[in-house]
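Below is one structure, written out as structure tokens; the observations come after it.
The values are calculated or read from the model by the stated rules, or taken from the named source; none is laboratory data. Just so we're clear, the structure is a prediction, and the values are computed from it rather than from any experiment. Heads up, the Cβs are rebuilt from the backbone with ideal geometry, glycines too, and the neighbour counts pull from every protein chain shown. Surface accessibility is based on the protein's heavy atoms, side chains included, excluding ligands, DNA and RNA. Shrake-Rupley method; radii C 1.70, N 1.55, O 1.52, S 1.80 Å.
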Amino acid sequence: MRKQNRFAHLYLVLVFAVLYAPIFYLMYYSFNSGGTMHGFEGFTLDYYREVIQDTRLIIIVINTLVIALLSSSIATLIAIVGALAIQRIRSRRGKNSLLSLNNVLIVSPDVIIGASFLILFTIAGVKLGFVSVLLSHVAFSVPIAVLMILPHLQEMSPTLTDAARDLGASRRDVLTKVILPIIKPGIFSGFFMALTYSLDDFAVTFFVTGNGYSTLSVEIYSRARQGVSLSINALSTMIFLFTILLVVGYYFLTRRKSRPAAVSESVAEVGVPR
């Protein structure tokens with residue numbers, strides 16, 4: 001058992017080293033005054049100042065955040081309706097067919113999805129830019145959010161909605177006071193998964209962006225093609241550190257929320273005679 005535990009720990013260390021070594025390498029050379037990623041000549045913050053003073057890059061970051069927040073919000077709302085509709089289908093064959101169509105969009109290559117959106121927007125006369133990027137991000141985010149929400153609906157007992165209706169609750173009350181509170185974890189999971197996919201996406205966005213409009217992934221790609229610039233390292237480092245702050249903040253928030261429940265449970269256990 002000890003040998004197995006050591007092997008498992010060693011395997012985890014290797015996995016994390018492979019995942020994080022390129023990121024730390026990129027962060028390390030973002031402070032290199034030599035301007036290359038071959039030899040560290042000295043410490044400097046010039047590339048971080050360059051990123052902060054680049055107004056075009058700041059606008060692109062804002063565009064990326066706006067697209068991600070809007071697309072994930074719209075996709076989550078559509079996914080709630082879609083998951084409710086799938087859950088209410090009585091026929092197992094019909095339900096499985098809809099789930100298969102939903103899953104096909106997730107496993108389809110991004111290049112095919114991006115090219116198909118480009119053809120669709122060209123035929124429909126939609127100008128490539130903010131609208132085309134937003135619509136495409138909503139489209140590929142909906143199936144992800146559906147997969148996050150649907151399991152919570154399937155775990156919910158149908159007797160809860162039946163009891164609410166027997167007690168005189170309207171359909172709106174059943175939805176807002178019974179169903180939505182139960183599937184709330186799935187809704188938040190779907191939202192954040194859609195947000196992550198939207199922020200990370202490059203292939204689909206590359207096809208549907210027009211002249212004068214860009215997102216962060218497309219901008220980093222275009223700058224990397226022009227040559228190695230340590231401003232990309234600085235920007236990537238700032239994004240990575242911001243992500244870590246969000247994760248740490250979420251961790252402490254969840255710990256604070258779980259503390260009162262744990263305290264109340266311990267108090268209840270003390271008060272109950274054995």
Looking at the structure I just gave you, is F240 within 18 Å of L26 (Cβ to Cβ), touching a residue at least 24 places away in the same chain (Cβ under 8 Å), open to solvent by less than 60 Å² (accessible area, probe 1.4 Å) and not in a loop (DSSP other than H, G, I, E, B)? yes
Inter-residue pairs, beta-carbon under 8 Å, first open to solvent by 60 Å² or more (accessible area, probe 1.4 Å) and in region 153-180, second of a type outside the set (D, E), 6+ apart: Q154/Q87; L160/V178; L160/I182; R165/V174; K177/A164; K177/A169
Any residue in region 188-207 that is of a type in the set (F, W, Y), open to solvent by less than 80 Å² (accessible area, probe 1.4 Å) and either in a loop (DSSP other than H, G, I, E, B) or without any contact (Cβ under 8 Å) to a residue 40 or more places away in the chain (or both)? yes
Lone qualifier among I74, I62, I113, I67 - being at pLDDT 85 or above, among the hydrophobic types (A, V, I, L, M, F, W, C), loosely packed, with under 13 Cβ neighbours inside 10 Å and under 25 Å from L216 (Cα atoms): I62
Look through region 77-102, keep the residues that are of a type in the set (S, T, N, Q) and either assigned to a helix (DSSP H, G or I) or in contact (Cβ under 8 Å) with a residue 24 or more places away in the chain (or both), and return whichever of them is surrounded by the fewest Cβ atoms within 10 Å (Cβ to Cβ). S100
Scan region 7-30 and tell me whether some residue there is over 19 Å from the mean Cα position of the chain (by Cα) and not in a helix (DSSP H, G or I). yes
So which residues in region 208-237 are open to solvent by 50 Å² or more (accessible area, probe 1.4 Å) and part of a helix (DSSP H, G or I)? Y221, R223, A224, R225, Q226
Failed criterion for L105 (all others in (1) more than 23 Å from H152 (Cβ to Cβ); (2) hydrophobic (A, V, I, L, M, F, W, C); (3) surrounded by fewer than 18 Cβ atoms within 10 Å (Cβ to Cβ) hold): (1)
Hey, can you tell me all the residues within region 117-138 that are free of Cβ contacts under 8 Å to residues at least 24 places away in the same chain and among the small types (G, A, S)? A124, G125
Checking the condition more than 30 Å from G212 (Cβ to Cβ) and small (G, A, S), which residue from A83, A115 passes? A83
